[in-house]
1. Residues that are more than 14 Å from chain A (Cβ to nearest Cβ): which helices (runs of 4 or more DSSP H) entirely in the range B:336-431 hold 3 or more of them?
2. So in the range A:44-53, with the set limited to residues that are over 12 Å from the mean Cα position of the chain (by Cα) and under 23 Å from residue B:33 (Cβ atoms), which one is farthest from the other protein chains (Cβ to nearest Cβ)?
3. Within the bounds of the range B:831-839, is there any residue that is under 27 Å from residue B:536 (Cα atoms) and buried (at least 19 other Cβ atoms within 10 Å of the Cβ)?
4. For the range B:97-146, how many residues are more than 14 Å from chain A (Cβ to nearest Cβ) and assigned to a helix (DSSP H, G or I)?
5. Kindly indicate whether any position in the range B:690-703 is within 20 Å of residue B:208 (Cβ to Cβ) and modelled with pLDDT of 85 or more.
6. Return yes when residue B:160 is in contact (Cβ under 8 Å) with a residue 40 or more places away in the chain, surrounded by 21 or more Cβ atoms within 10 Å (Cβ to Cβ) and either within 30 Å of residue B:766 (Cβ to Cβ) or touching a helix residue (DSSP H, G or I) at 6+ places or on another chain (Cβ under 8 Å) (or both) and no when it is not.
7. Which condition number in (1) in a helix (DSSP H, G or I); (2) more than 30 Å from residue B:886 (Cβ to Cβ); (3) in contact (Cβ under 8 Å) with a residue 40 or more places away in the chain is the one that residue B:792 fails?
8. Quick one: residue B:847 ticks every box in (1) at pLDDT below 85; (2) part of a helix (DSSP H, G or I) except a single one, so which number is it?
């Protein structure tokens, strides 16, 4: 059967620009890509390619980002004040001084936590409805 | 880490990605472009290590889609952000349009993602058309459109003359005209004269012969350029020889290592010390030449008697002066030149001597304009063919989506909304193809520059610049709209009821579509035929040029080189050049494998020619008549034997003639026929250049030579000994700079070079060799414009025929698929396989015939613009037309053969059950 055309709802989240407000909820829900990026840099700062590989490993290849998607997402996170680009590295012992490293801002950490809690709540809800069985 | 691996394939991929990144908004690219490229490089590196080079290629292809999706999203995002930040009260309509465009583009991208093969095939086809057009446009832009690299280039003009009475369409400056215009003009801000030559540089390092330009003091001020180091020529020292010399930036770097202390040092030119006074700026180019040295060209007033057009005139118009006014002013000054004893008013009248002031750019560009515009037009046709193919693809898809569209219409989508969706798809596809085409163009431009004739001017100015980008975007949009419009016009308003009915097909829309698609296939074949005929005409021209007897034989066996004997090397005055030349020729003749050697002041097709007036004793002219002007050359050794120019009567010039200064000469057959009607009758007759010369006896007549290129008539030429007395105003005239011709039995004359060098340097180690090449190279150079056009048109025609074949194949296959049921019925009712095959082939033949008829008619009109490029063949050459038409007919029948066989193989039971 042919599918009827349904206008695509605009799923993009308009990201508020005012950083003074600390209403975490306005950042939620995060897009999957944004959440994965924040997860990837949660424990240590990483550069773009490392973020990409980390996400690919963490999702067992289910999420393969290309440079465009990755950096657009990074750009939005930076603009929203959730992620920051660290100044160019000078320590030569780090693997590559030339690269740009990213780390979450304090706000970014809190938003990631809030997102994780939100997802956990959803998972719990799914379990209570027997959609998901305990491992 | 991965990014340290820099295999060539990865490097290419990274360059490709960097090009693709241009699709992103500038701000985004600036911020993340480098990092994205690095990440892409890492990923390609690891893909290459794991899966080899094909994985890198796959990454490149995938990157196209990725970048286009993300870049368009980013553009839209940027658009929104500006809307949010800069206009708090957003203008409703623009916001709505942006929103709607976003939805359309997204939807288009999603449909492509669902049907990637369709998208890739359509994109590659278009990419081919757009890329080829961008490449050609890059050349057209660099050579023809971009202004000359000087200040206010539109005010720069070349000042020349017309002289139809002398048989010249364009004559440059003689001393008298230069002196007159310099002092009397009212329209030029600066007026100068220049000429090219070569000088030998000796002293430090190897001796070398370099290109030099002699310029009067006003040439640089007309161009508004001054040396970046040092200064230009001072008026007071113009006449000094030796005087000052200005180096080009490149030569300064090469010979002097860019040493700024070079000013004031001396350089040995023709074994005389000249003082270096300046270095030109790095980006300066003298018109389309690249001379190493600029020397002062001083034309004294007493040179005003010399009737020789040796200088090119260059001027800058005063602000507000038009070309017309400049021409009128030169016309006013022409009679004033008769003040000098070079010509009488009657001469000027007889010559019909007139002004020819034209834009300097016309001189720089030369006659390649026609070639490039023709190629540009022809590749435009290729793009149209590609568009027709993609339009066909869109038709097929639109047909398949008829029901989807009907549903959307039924649900309330307006006709405009659906049309917009179709157009969004085609325009997005066009832009995709444009970006890919730009990549193709970069490769194509390199190929073009490589193939281009050596005399194509401004080659180094051919680059992809914003104009090219703009052009590509324009062409992509145009292409997207052209093929997008066809389905829109036909499916924009579907019949909802028929479309929704199960199995609903064969409606009137279908038949109309068949007609349109057939028309597209016919157009494609017609355009392909035009291109085929165009390249056919070039092939015929090339063959005609090849078959022209240049006047000499077996040029591939002859090595040529240029030697100039510096004045200082010569003992006992300039006649010392004669024994040195003789020694060199004798040593060259002793080289094993050499059969004969000779020398001449200029070789055929070398572009170096001398002209002078002549008087013939048997045909005196009175003062009121103009003296005819003819080519002349000075020769030595066995020149005619080495060139294999046949001796028709009498004898050649001997060393005895040269040493004894005998007043003798040899003329070409057409010269002899012009005056005496027969070569033998010319022997013993006497000619001279002007009234003060000694009369010279014609002792031999030789065959005509196509001196100005095989595509031009052979001029009449007089050959003089290399040393003559009482000649053209000189007591003694000796050629010191000559081209040597060495004929050898060896299969590869260039292999002689080490021994030839040894032979020359055994006579004098200070002599630089220049222009070493075979005589064949000179002939090939004369054919280069034709062969370049031929190759380019050949490429265009090949692509066109290929796309046209795909087009007709697509249409016929589609029709067969549509008619499977009908064919099944026919066969069930007793039609034979051969009947079915014939039916399909007949359909294909009809399309082919339509294409041929329209193509022939179009070719008659379009090939006329090529007439300037043709030689020995008319634009309406019946053989070429017939061959082209036959090829298109055969190709279209072949293209239909496969679908015809498929139709004949239809199993009636299967076909009927299928429904």
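The values are calculated or read from the model by the stated rules, or taken from the named source; none is laboratory data. What you see is a predicted model, and the numbers here were worked out from it, not measured in a lab. Backbone-built Cβ (ideal geometry, glycine too); neighbour counts: all protein chains shown.
1. Helices (runs of 4 or more DSSP H) meeting the threshold: B:345-351, B:360-365, B:368-400.
2. Among those that are over 12 Å from the mean Cα position of the chain (by Cα) and under 23 Å from residue B:33 (Cβ atoms), it is A:45.
3. Let us first name the residues in the range B:831-839 that are under 27 Å from residue B:536 (Cα atoms), namely none.
No, the conditions are met nowhere in the range B:831-839.
4. Of the residues in that region, 32 qualify.
5. No, because not a single residue in the range B:690-703 is within 20 Å of residue B:208 (Cβ to Cβ) and modelled with pLDDT of 85 or more.
6. No; evaluated as a whole, the condition is false for this residue.
7. Single failed check for residue B:792: (2).
8. (1)
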